[in-house]
Amino acid sequence: MKKMLSMLLVLAMAISMLAGCGKDEADGTSINVCLSSEPDTIDPALNSAVDGATMLAHLFAGLAKWSQDSKGNLAIVPDCAEALPEGVVGADGKVTYTYTLKKGLKWSDGKDLTAKDFEFAWKRAAGDELGADYGYMFEVVDGYPNNLNVKATSDNTLVVVLANSVAYWNELLAFPTYYPVREDVVADEAWATEAKTYVCNGAYTITKWDHNSVIELTKNKNYVNADEVTMGKINFYLSDDANNMLSNFKNGEWLLIDDVPTNEIATLKKDYPTEFVVAGQIGTYYVCWNINEEILPAGSNLKGEAAEAARAEIRAAIGLLYDRNYIVEEIGQAGQVPASSFVAMGMTNPDGTQFYKTAGNNAGFDGYYDVSTGALKSNFDKAVEVLKKYYNWDGSKFTNFPTLTYLYNTSEGHKAIGEYLQSAMATVGITMNLENQEWNTFLNTRKDGQYSIARNGWLADYNDPICFLDMWTTESGNNDVQFGKDGHKNLKMYNLDLTSLGYSTKVVNGTWAETFDVLISTIKGCTDNNKRFEMMHIAEDMLMSTGCIVPLYYYTDLYMVDDSVKGFFSNPLGYKYFMYTTIEK
Amino acid sequence: MNSKTLGYILKRLGLAILTVWVVITVTFFVMHAVPGGPFTSEKAISAAAEAQLKAKYGLDKPLMTQYGTYLKDIVTKFDFGPSLKQRGRTVIVIIKDGMKTSAKLGIIAAFLALIVGVVLGSVAALRRNKAVDKIIMVITTAFVSMPSFIMGALLLLLFAVKLRLFPANGSTPAGLVLPIITLALYPMAYITRLTRSSMLDVLGQDYIRTAKAKGVSQKKIIFGHALKNSLIPVITYFGPMLAYIVTGSLVVEQVFAVPGIGRAFVSSITNRDYPMIMGTTIILASLIVIMNLVSDIMYKVVDPRITLE
């Protein structure tokens, strides 16, 4: 027995020596982080994921980039461009931008980078042929999608024409879809899948790529602003298991992890007060109704427009039954903010004020309804008053509300919220069953409108409210509510009056396509930023008046970063920047 | 090898191919019947772009045509097609990549289970009802009844987080130690119990008693006679063990973030990456079918009393 024990001990020691060999020597010039599993793609044109965008921000340099000043403020600054000049507005309202590239730009393989590479990359990313998720990021450019009006007039001059002035244009220039790629490199369709074929122009190059395991980035000497880069190596470990990420963070292997297990949040907040970070993220978690779902009681004699007006009132009333503070404090537990509007917190008006604070009627609160705990009782009473107009009330509950089914994608967090909504509605006698589906199936069901009420969420692609609004036009692929489709298509009940803003548009009792769709295209063509924002508020008012969109909370971005990491920052879209970090033990 | 054995092997090979073909067919049609598709995402792409992508990958053709093309490409060119999610990479390349790690994991785990299991089982049998036997039996009972995801989580917590002996991710060789142990524990425990009971059975046989009576040394009895015969049930377990290791790796690779084929398989399904689903299914199914065949043949090799038909 003694012999066996000593043998075991020897074995354990031998194994632990083996363990020591595999570890990276942490000398302060390399950092191990984990954002997610293997990215679907790190071709800048094809990527549409936040983790992919973070990697791309380290690998490529666009005309502009995100930067943090010494006070911690974020700004868009030139990267490959000498400067970010104002556009020149032509007689036709189109805006021309002329960029001069910095001297001596090179690709990571040493070849010269020219304005032609930008022209090629932009046309490639926007065109239908590539079918990129984010091709629509070029929608603002004249000639989108297949005849993009962008031209390299010399090796270092790029001229681009926008259909109209765009407030967030400089931000788009820092967006991964706008990064340059070289024609001969991307001719090989597999170029962005191996280290040896990956040619880029940013702060780092890929020096090792073990698929599904780790991507190693090493500082690129050919990067135009290489002297600003302090971190020599970044290892992006690839895992999407939150428990595994946490184990690696706890044992000191990984210094930043971008996900944590939901059921650990409360403990982590307490145990790692400085390392557990809740950052703002521009996005809204909401419940959406299928506008064509019949929810009036059986035997109701309301028809057509009158029936839809009633349904809108009912849906809005049900939205008042929910206690959003309970949801964020007891279920979410991650610093989320109760939402009173669809356009998320973080979106700003031209004067810098929060968009949601100037949305809605603003009668003593921000947004479209009062989400404070103090207003719970009055919200509830108001909801019951409205519902009484349409349903039988027996003194404590409604007796003839049709049974609903709430659809959500399989996840403990979504389930907990579903159960809360269920219980809130049960207090007034409304029965709502819960049904969950696997993610891809769920997306399909929701998109096809095969549901009555469903969980939903939207994260901003860029810092402009239009990305929350143009998704609700009739033909949009994200129109989960089914606005302007099937039964809703022919209902003439919406008004739009833009005459006070100098337009001739005035529609009384029009369809969704005649009003909302027209409004969105007017917004997209508008060059006056103040008017544009006024119209975006009108668009959100229209959306909220249907009651189909019930915001619950504004998202936050949770991650853990080790105290030894200095100089790290993330932007409002959730991209994380490691190039300017140092490790101080 | 006589002609009877050869005929048996050929017959089994034919059956194996048929099995794989059935798996291919069922998976292909079930996979396409499930709602959602490879280009479904939260941020929907335009209808024009989606149509172009579908045309590019042949997904706009009738299902039967797609099925025919798929079978033809596999049989004639061993071409599993491109991945629809990891654009630019082919299924073969992704599978090769994952197989490198998974095979290492599986083979080491299998050997570990086999060697430790047989040794522990023999020790337990020879020390029947002594303290060592009892300890081994208690421990193996625990390992047999504990699912691998719990075992994995426990090992991770103890050796990676608390003691910091091993990394918590499987991206380095040292990181494979814990997943290998997790994967090996169940079959090891099972083999221990199997070896013990079969060894006890053999030790009670007349020919062992005869050998003992003739004064053959204990060592020679065990290694010369008892061990070989008591291994027959262990060999029959070889097939199921491999199946366990293959399916078990799906969980273990997830828990330890090991870049193996198990993770690729799971994510291909959530992504509706059709060629990847097919590719990984075919590889895993073939593996199990082949290993069962091998174990049946080995059965015959170690025990001449068994006839194959």
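The values are calculated or read from the model by the stated rules, or taken from the named source; none is laboratory data. As the structure is a computational prediction, the values presented were derived from the model and not from experiment. So basically every Cβ, Gly included, is an ideal-geometry build from the backbone, and we count neighbours across all protein chains shown.
I'd like to check something: does the stretch A:262-277 contain any residue that is surrounded by fewer than 18 Cβ atoms within 10 Å (Cβ to Cβ), in contact with a Ser or Thr (Cβ under 6 Å, 6 or more places away or on another chain) and modelled with pLDDT under 95?
Within the stretch A:262-277, not a single residue is surrounded by fewer than 18 Cβ atoms within 10 Å (Cβ to Cβ), in contact with a Ser or Thr (Cβ under 6 Å, 6 or more places away or on another chain) and modelled with pLDDT under 95.
May I ask you to list the residues in the stretch A:473-502 that are of a type in the set (Ser, Thr, Tyr) and either surrounded by fewer than 17 Cβ atoms within 10 Å (Cβ to Cβ) or within 14 Å of chain B (Cβ to nearest Cβ) (or both)?
At the first step, the residues of the stretch A:473-502 found to be of a type in the set (Ser, Thr, Tyr) are A:473-474, A:476, A:494, A:499-500.
Within the stretch A:473-502, A:THR473, A:THR474, A:SER476, A:THR499, A:SER500 qualify.
Among the residues of the stretch A:161-173, which ones are in a loop (DSSP other than H, G, I, E, B) and either at pLDDT 95 or above or of a type in the set (Val, Ile, Thr) (or both)?
A:VAL166 - this is the single residue of the stretch A:161-173 that is in a loop (DSSP other than H, G, I, E, B) and either at pLDDT 95 or above or of a type in the set (Val, Ile, Thr) (or both).
With more than 14 Å from every other protein chain (Cβ to nearest Cβ) and more than 18 Å from B:ILE269 (Cβ to Cβ) as the only criterion, which of B:LYS43, B:LYS4 stands out? Spell out how you get there, then give the answer.
On the way: B:LYS43 fails: more than 14 Å from every other protein chain (Cβ to nearest Cβ).
Checking each option against the conditions leaves just B:LYS4.
Taking the stretch A:273-298 as the region of interest, how many residues are under 20 Å from A:LYS576 (Cα atoms) and either touching a Phe, Trp or Tyr at 6+ places or on another chain (Cβ under 9 Å) or in a strand (DSSP E or B) (or both)?
Matching residues across the stretch A:273-298 total 9.
Which ones in the stretch A:17-55 are outside any strand (DSSP E or B), modelled with pLDDT of 85 or more and among the small types (Gly, Ala, Ser)?
If the condition is that a residue be outside any strand (DSSP E or B), modelled with pLDDT of 85 or more and among the small types (Gly, Ala, Ser), then A:SER36, A:SER37, A:ALA45, A:SER48, A:ALA49, A:GLY52, A:ALA53 are the ones that fit.
Working only within the stretch A:304-340, note down all residues that are part of a loop (DSSP other than H, G, I, E, B) and among the aliphatic types (A, V, I, L, M).
Residues of the stretch A:304-340 that are part of a loop (DSSP other than H, G, I, E, B), as a first pass: A:320-323, A:333-336, A:339-340.
Matches in the stretch A:304-340: A:LEU320, A:LEU321, A:ALA334, A:ALA339.
Looking only at the stretch A:429-443, which residues are away from chain B (no Cβ under 14 Å), part of a strand (DSSP E or B) and surrounded by 19 or more Cβ atoms within 10 Å (Cβ to Cβ)?
A:MET432
Do the conditions hold for A:LEU255, that is, is it more than 14 Å from chain B (Cβ to nearest Cβ), surrounded by 19 or more Cβ atoms within 10 Å (Cβ to Cβ) and either free of Cβ contacts under 8 Å to residues at least 60 places away in the same chain or not basic (Lys, Arg) (or both)?
Numbers: more than 14 Å from chain B (Cβ to nearest Cβ): no; surrounded by 19 or more Cβ atoms within 10 Å (Cβ to Cβ): yes; either free of Cβ contacts under 8 Å to residues at least 60 places away in the same chain or not basic (Lys, Arg) (or both): yes.
So A:LEU255 fails the test.
Given the structure, is A:ASN379 out of contact with any Ser or Thr (no Cβ under 6 Å at 6 or more places or on another chain) and at pLDDT below 90?
On the way: out of contact with any Ser or Thr (no Cβ under 6 Å at 6 or more places or on another chain): yes; at pLDDT below 90: no.
Considered against the rule, which asks whether it is out of contact with any Ser or Thr (no Cβ under 6 Å at 6 or more places or on another chain) and at pLDDT below 90, A:ASN379 comes out as no.
Between residues in the stretch A:117-146 that are at the interface with another protein chain (Cβ under 10 Å from one of its Cβ atoms) and residues that are in a helix (DSSP H, G or I) and buried (at least 23 other Cβ atoms within 10 Å of the Cβ), which pairs lie under 6 Å by C-beta distance while being six or more apart or on different chains?
If the second residue must be in a helix (DSSP H, G or I) and buried (at least 23 other Cβ atoms within 10 Å of the Cβ), the pairs left are A:ALA132/A:ALA125; A:TYR134/A:THR177; A:GLY135/A:ALA126; A:PRO145/A:ALA126.
Is there a residue being away from chain B (no Cβ under 14 Å), touching a helix residue (DSSP H, G or I) at 6+ places or on another chain (Cβ under 7 Å) and not in a strand (DSSP E or B) anywhere in the stretch A:66-81? Step through it out loud before you land on a result.
Going through the stretch A:66-81, the residues away from chain B (no Cβ under 14 Å) turn out to be A:66-81.
Cutting the leftovers down to touching a helix residue (DSSP H, G or I) at 6+ places or on another chain (Cβ under 7 Å) gives us A:76.
Subsequent filtering for residues that are not in a strand (DSSP E or B) retains none.
Checked the stretch A:66-81: no residue is away from chain B (no Cβ under 14 Å), touching a helix residue (DSSP H, G or I) at 6+ places or on another chain (Cβ under 7 Å) and not in a strand (DSSP E or B).
Every residue in the stretch A:205-221 that is farther than 19 Å from A:GLU38 by Cβ and either modelled with pLDDT of 95 or more or touching a His at 6+ places or on another chain (Cβ under 9 Å) (or both), please.
A:THR218, A:LYS219, A:ASN220
Can you confirm whether the stretch B:157-167 contains a residue that is in contact (Cβ under 8 Å) with a residue 40 or more places away in the chain, of a type outside the set (D, E, K, R) and within 12 Å of chain A (Cβ to nearest Cβ)? Before you say what the answer is, go through the steps one by one.
Of all residues in the stretch B:157-167, those in contact (Cβ under 8 Å) with a residue 40 or more places away in the chain come to none.
So far as the stretch B:157-167 goes, no, none of its residues is in contact (Cβ under 8 Å) with a residue 40 or more places away in the chain, of a type outside the set (D, E, K, R) and within 12 Å of chain A (Cβ to nearest Cβ).
Could we say that A:ASP517 is touching a residue at least 40 places away in the same chain (Cβ under 8 Å) and surrounded by fewer than 16 Cβ atoms within 10 Å (Cβ to Cβ) here? Reasoning before the result, please.
Values: touching a residue at least 40 places away in the same chain (Cβ under 8 Å): yes; surrounded by fewer than 16 Cβ atoms within 10 Å (Cβ to Cβ): no.
When the stated conditions are applied, A:ASP517 does not pass them.
Tally time: how many residues in the stretch A:237-261 are in contact with a Pro (Cβ under 9 Å, 6 or more places away or on another chain) and either aliphatic (A, V, I, L, M) or under 30 Å from A:CYS80 (Cα atoms) (or both)?
Count: 4.
Tell me, please, whether a residue that is more than 12 Å from chain B (Cβ to nearest Cβ), among the small types (Gly, Ala, Ser), buried (at least 20 other Cβ atoms within 10 Å of the Cβ) and under 21 Å from the mean Cα position of the chain (by Cα) can be found in the stretch A:460-469.
no
Restricting the search to the stretch A:525-569, which residues are of a type in the set (Asp, Glu), assigned to a loop (DSSP other than H, G, I, E, B) and farther than 18 Å from A:ILE466 by Cα?
Result: A:ASP562, A:ASP563.
Can you name the condition, by its number, that A:ASN301 falls short on among (1) more than 24 Å from the chain's Cα centre (by Cα); (2) in a helix (DSSP H, G or I)?
So the condition that A:ASN301 fails would be (2).
Can you find even one residue in the stretch A:394-408 that is closer than 30 Å to B:HIS32 by Cα and surrounded by fewer than 17 Cβ atoms within 10 Å (Cβ to Cβ)?
yes
If we scan the stretch A:86-101, do we find a residue that is crowded, with 20+ Cβ neighbours inside 10 Å and part of a loop (DSSP other than H, G, I, E, B)? Even if it seems obvious, please write down each step before you answer.
Our first condition is that a residue be crowded, with 20+ Cβ neighbours inside 10 Å; within the stretch A:86-101, this holds for A:95, A:97, A:99, A:101.
Now restrict to residues that are part of a loop (DSSP other than H, G, I, E, B): none.
Scanning the stretch A:86-101, I find no residue that is crowded, with 20+ Cβ neighbours inside 10 Å and part of a loop (DSSP other than H, G, I, E, B), so the answer is no.
Look at A:ASP351 and say whether it is in contact with a Gly (Cβ under 8 Å, 6 or more places away or on another chain) and without any contact (Cβ under 8 Å) to a residue 40 or more places away in the chain. Working first, answer last.
Numbers: in contact with a Gly (Cβ under 8 Å, 6 or more places away or on another chain): no; without any contact (Cβ under 8 Å) to a residue 40 or more places away in the chain: yes.
Here the answer is no, as A:ASP351 does not meet what is asked.
Suppose we keep only residues that are of a type in the set (A, V, I, L, M) and crowded, with 20+ Cβ neighbours inside 10 Å within the stretch B:203-232. Which one would you say is farthest from B:THR101 (Cα to Cα)? It would help to see each step written out before you state the result.
Residues of the stretch B:203-232 that are of a type in the set (A, V, I, L, M), as a first pass: B:203, B:208, B:211, B:213, B:216, B:221-222, B:226-227, B:231-232.
After this cut, where a residue has to be crowded, with 20+ Cβ neighbours inside 10 Å as well, the list is B:226, B:231.
Details: B:ALA226: 36, B:LEU231: 29 Å.
It comes out as B:ALA226.
Among the candidates B:VAL289, B:VAL258, which residue alone is at pLDDT 85 or above and either among the small types (Gly, Ala, Ser) or within 30 Å of A:SER37 (Cα to Cα) (or both)? Before you say what the answer is, go through the steps one by one.
Working: B:VAL289 fails: either among the small types (Gly, Ala, Ser) or within 30 Å of A:SER37 (Cα to Cα) (or both).
Matching residue, one of B:VAL289, B:VAL258: B:VAL258.
Quick one: how many residues across the stretch B:48-67 are at the interface with another protein chain (Cβ under 7 Å from one of its Cβ atoms) and either surrounded by fewer than 15 Cβ atoms within 10 Å (Cβ to Cβ) or among the aromatic types (Phe, Trp, Tyr) (or both)?
1
Test each condition in (1) over 20 Å from the mean Cα position of the chain (by Cα); (2) within 14 Å of another protein chain (Cβ to nearest Cβ) for B:ALA211 and report the one that comes out false.
Every condition holds for B:ALA211 apart from (2).
Is there any pair with a first residue in the stretch B:269-293 that is away from every other protein chain (no Cβ under 14 Å) and a second that is basic (Lys, Arg) whose Cβ atoms are under 7 Å apart and which are 6 or more apart or on different chains, and what are they?
Every condition considered, the pairs that remain are B:LEU293/B:ARG12.
For the stretch A:200-228, give me the residue count where each residue is in contact (Cβ under 8 Å) with a residue 12 or more places away in the chain, away from chain B (no Cβ under 14 Å), part of a loop (DSSP other than H, G, I, E, B) and of a type outside the set (Val, Ile, Thr).
Of the residues in that region, 8 qualify.
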